1. Check off (1) out of contact with any strand residue (DSSP E or B) (no Cβ under 9 Å at 6 or more places or on another chain); (2) surrounded by fewer than 22 Cβ atoms within 10 Å (Cβ to Cβ) for B:Phe87 and give me the number that stays unchecked.
2. How many of the residues in the range C:14-60 are touching a strand residue (DSSP E or B) at 6+ places or on another chain (Cβ under 8 Å) and assigned to a helix (DSSP H, G or I)?
3. What about B:Phe96, is it assigned to a loop (DSSP other than H, G, I, E, B), within 14 Å of chain A (Cβ to nearest Cβ) and in contact (Cβ under 8 Å) with a residue 24 or more places away in the chain?
4. Please work out which one of (1) surrounded by 16 or more Cβ atoms within 10 Å (Cβ to Cβ); (2) modelled with pLDDT of 95 or more is the condition A:Thr121 fails and give its number.
5. Mind listing whichever residues of the range A:9-29 are within 11 Å of chain B (Cβ to nearest Cβ) and hydrophobic (A, V, I, L, M, F, W, C)?
6. Specify which of the listed residues (A:Asn154, A:Asn197) is under 25 Å from A:Trp225 (Cβ atoms) and under 12 Å from the mean Cα position of the chain (by Cα).
7. Step by step: first the residues of the range A:22-73, then only those that are acidic (Asp, Glu) and modelled with pLDDT of 90 or more, then the one that is nearest to the chain's Cα centre (by Cα). Which residue is that?
Amino acid sequence: MSGLGALIKKELKEQLKTYRFLIIAIVLLIFGLMTPLMLKYLPEILKIAGEDIIIDIPPATAVQALTEYADTIAQMGVLIVVLVTMGAISREIDKGTAAMVLSKPVSREAFILAKLFTLSTSFVVALVLASIACYVYTVILLGEADITAFIALNGLLILFFIVAISVTLLLSSVFKSQLAAGGLALVFFVGQAVIANLPKIGEYMPSGLVSWGTGLLTGDTASAWGAVRMSLAIIIACLYLTWLRMRNKEL
Amino acid sequence: MEAIKCEGLTKRYRDIIALDNLDLSVEEHSIFGFLGPNGAGKTTTIKLLVGLSAPLTGKAWVAGHEITSGAIGLRSKIGYLPEVPAFYNWMTGLEFLSFIGELHHLSKVETKKRCDELLELVELKEAAKRRIGGYSRGMRQRLGIAQAIINKPEVLFLDEPCSALDPIGRREVLELIKRLSAGATVFMSTHILSDVERVCDSVGIIDRGKLITTSSMEELQRKYARSVFELEFEGDAAPLVASLRAVPWLAKAEQVEVNGSLTLRIQVRDINTAKRELPGITAASGLTLLRYELTLPSLEDIFVELIAGGGKR
Amino acid sequence: MDNLDTFTEILPFFIPLLILQLALMIVALVDLIKRQRVRGDNKVLWALVIVLVNIIGPVVYLIFGREE
């Protein structure tokens, strides 16, 4: 895997210098903080705003906050994955930097894996920050929650994001247009979310990772190993296809 | 020994044959000029030789290794400057060079040493810590040359190395290329003939994907040495041109501007007869002769003739 | 005065959130000001997008608007 180390270093620097990492971290953090805050204070904010309707909803719970956090972060996370990944390969081919780098003793596998690795790393770091922020706020505002279940939930979210990164990376190696790659990646995620509601095949969709995670919070014991296996299969398949695409790519 | 060897390289882009059965060999430690008009197949050839593109048929060897897309070891022995070098604009010049050094597996110390040397050499020392995004085209070209030679390559491929440079920069780069040939074989493509005349030991001329000829510079000049007479007159030499049309040994006669004065250039097929007969014809025309000179053909003359000949298919 | 009490009670929790949003906006604005050329060549429009479209505005600028 020639050149992997140098490429990873370059990708990490690029994430920082082009604000990619900042975007990922801040957006996830914002939603991490916002979810428990909104659950707790939305009724009161409405009151301050002078709405005279009497809102009669039961007080929010910690489990509710963490569940909502998982759903929001999964959606926003995929959106951010798509935004920061959709040009990752096509832009380098288009600008000619891929030709510059790949004329050096660098394997094309390393070129792809460096991107997958650094993007995944960014999301891991950002999710750790966001989940800590969310958990602290939830405990302060709404009370205790099962921390082990919450950690497991975040682990499943990471896997979900890596699926998103792999899919978008593949599309960015196929389509010259960033918007085409991004659009199709979103179609893929909306599509799998719809299918996830169907009986039988539904439980194999990557979205099953998120529902398994939120289930853990409420003590639901139904596991979704099918979704885990499917997710790993998608990641490997996408990497393989990206490699096939890049292997003979004329630069 | 040959540093570069191609056998029957053919490349097709959809219906267009970009390269048609190219056979070529380049001697070690020589500077090979690859000449041709735009779109002739020069960039295609270089991309095949550095392994960024794969041929439809044919084989090629560089520095003793056969080129395949997986021949990663070979790439540490070659240097490549693309036609339009691309960089990560968020990096500084120094960061980019260090990055390329790392890709070549140079040690930290070695990378730093080479970066310092090269930034000095291509005169980017002051701009080394500025973002490449703010570099001019000439600076980018010079950075491109620096990254191509950071690994002290055995074979160096330069695709139009002088295209973005001003006359002074161009001269400096050509001198640099000349110096490099002591330790490396240089394969440079260009459409600028004077550059080739200035530095190359041998040339290949390509047009529409077909190699028209290869030879050493001297041989080329000798082989196509239709000597050229340059005559300068007071006033228009058109009547003389008309009377020259009748002589059998004439290849071409035309009036051209040279340094602001009108000069009649006469290319001939039979140099000895021309030497004997031309003065008489000139005298008979009644024009006042200012200058009479026999010169060697420039590469441009040869080039135009070869391309014109090859083009008429 | 009931509303004011709630307001002062809630506010501290919202400050980190506001800081994050502001940070994103400032990073984008500083980059916009320093940059000579932006996509679409309309700096004013980008400035409006960054300031008016919460979160998404700065993100879209930082990903698409920056052009060398």
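The values are calculated or read from the model by the stated rules, or taken from the named source; none is laboratory data. Because the structure is a prediction, the values reported are computed rather than measured. For neighbour counting, all protein chains shown are included, and Cβ atoms are generated from backbone atoms with ideal geometry for every residue, glycine included.
1. Of everything listed in (1) out of contact with any strand residue (DSSP E or B) (no Cβ under 9 Å at 6 or more places or on another chain); (2) surrounded by fewer than 22 Cβ atoms within 10 Å (Cβ to Cβ), B:Phe87 misses just condition (2).
2. Residues in the range C:14-60 being touching a strand residue (DSSP E or B) at 6+ places or on another chain (Cβ under 8 Å) and assigned to a helix (DSSP H, G or I): 4 in total.
3. Details: assigned to a loop (DSSP other than H, G, I, E, B): no; within 14 Å of chain A (Cβ to nearest Cβ): yes; in contact (Cβ under 8 Å) with a residue 24 or more places away in the chain: yes.
Considered against the rule, which asks whether it is assigned to a loop (DSSP other than H, G, I, E, B), within 14 Å of chain A (Cβ to nearest Cβ) and in contact (Cβ under 8 Å) with a residue 24 or more places away in the chain, B:Phe96 comes out as no.
4. It is condition (1) that A:Thr121 fails.
5. Across the range A:9-29, the qualifying residue is only A:Leu16.
6. Selected residue: A:Asn154, the only one of A:Asn154, A:Asn197 that is under 25 Å from A:Trp225 (Cβ atoms) and under 12 Å from the mean Cα position of the chain (by Cα).
7. Taking the range A:22-73 and keeping what is acidic (Asp, Glu), we get A:44, A:51-52, A:56, A:68, A:71.
Remaining after also requiring modelled with pLDDT of 90 or more: A:68, A:71.
Values: A:Glu68: 15, A:Asp71: 11 Å.
Restricting to residues being acidic (Asp, Glu) and modelled with pLDDT of 90 or more, the top hit is A:Asp71.
Residue by residue, here is whether (1) at pLDDT 90 or above; (2) touching a Gly at 6+ places or on another chain (Cβ under 6 Å); (3) closer than 22 Å to A:Tyr69 by Cα holds:
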site: A:Leu142; (1), (2), (3): yes, no, yes
site: A:Leu159; (1), (2), (3): yes, no, yes
site: A:Val167; (1), (2), (3): yes, no, no
site: A:Ala185; (1), (2), (3): yes, no, no
site: A:Val190; (1), (2), (3): yes, no, yes
site: A:Val228; (1), (2), (3): yes, no, yes
site: A:Ile236; (1), (2), (3): yes, no, no
site: A:Glu250; (1), (2), (3): no, no, no
